[in-house]
Amino acid sequence: QLIHHPDMPSEGLIKLAYAVEDKWSAQRFLEISSLPQVAQEVLAKISPKDDLTEITQWAIDPKADARKRAATHPQVPLSVLEQLMKDKNKQVRLLAEISYCASTQTCDSAERSAKIQILLKQLISQDAEFKREVCRLKNCPTELIEVISKEKNLWPMAQELASNPNTPVSVLVKLAKLERKSDWPLNVHREVIENPATTKEVLQQLLLFK
């Protein structure tokens, strides 16, 4: 590809960033920004000027936490996720894979089930903060939510589980039963009440809370 030619001048890279129908592409931006010869003035000219600015900048940030933020953003383009799925950081890669799976529902059930099983095996060994980030994904696969909800210590991700519209009713009931040890249950219960998946059964459980 011309983009990867070591002698490509800055002016050429800027033109290539808008080569297709004069439209900016997140994928081309990530490809060009990863080249060692690209100067900061080139990046400034090809950087997005719309709502995708932060996401794409996070995706190329040296800090893994920023790249994780890009992977879990509700408006992250699939092209950015595909790039992050090749990231050198294992947690960034896994978050991108989960987010990609949550964003694409076109594969058949057998293929999806196989992919979910692979993700589950990788998810189990992750720390509580990582699982909390997974719970923030609004389209998070229900299978992942159910596994996370079985954690012995549910507090670190309870609020994210309570607010996720993909959280099953059985898990919402479990969250409604959390005993009060701090202000956390009140926040969790508020999220449960506001969750569109909440049923009468869940609300009745909350009425029993003292």
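The values are calculated or read from the model by the stated rules, or taken from the named source; none is laboratory data. Everything numeric here is computed off the predicted structure, so don't read it as measured data. SASA here: full protein model, heavy atoms, side chains in, ligands and nucleic acids out. Shrake-Rupley method; radii C 1.70, N 1.55, O 1.52, S 1.80 Å.
A few points about this structure:
- Taken over the range 68-138, the ratio of Cα radius of gyration to 2.2 N^0.38 Å equals 1.04.
- Surface share of carbon and sulfur [accessible, 1.4 angstrom probe, percent] for the range 72-134: 50 percent
- Among the listed pairs Lys86/Lys131; Lys68/Lys200; Lys138/Lys174; Lys86/Lys152; Lys88/Lys115; Lys131/Lys177, those with a Cα-Cα distance over 28 Å are Lys68/Lys200; Lys86/Lys152.
- Taking all protein chains as shown and a probe of 1.4 angstrom, Met85 keeps an accessible surface of around 60 Å².
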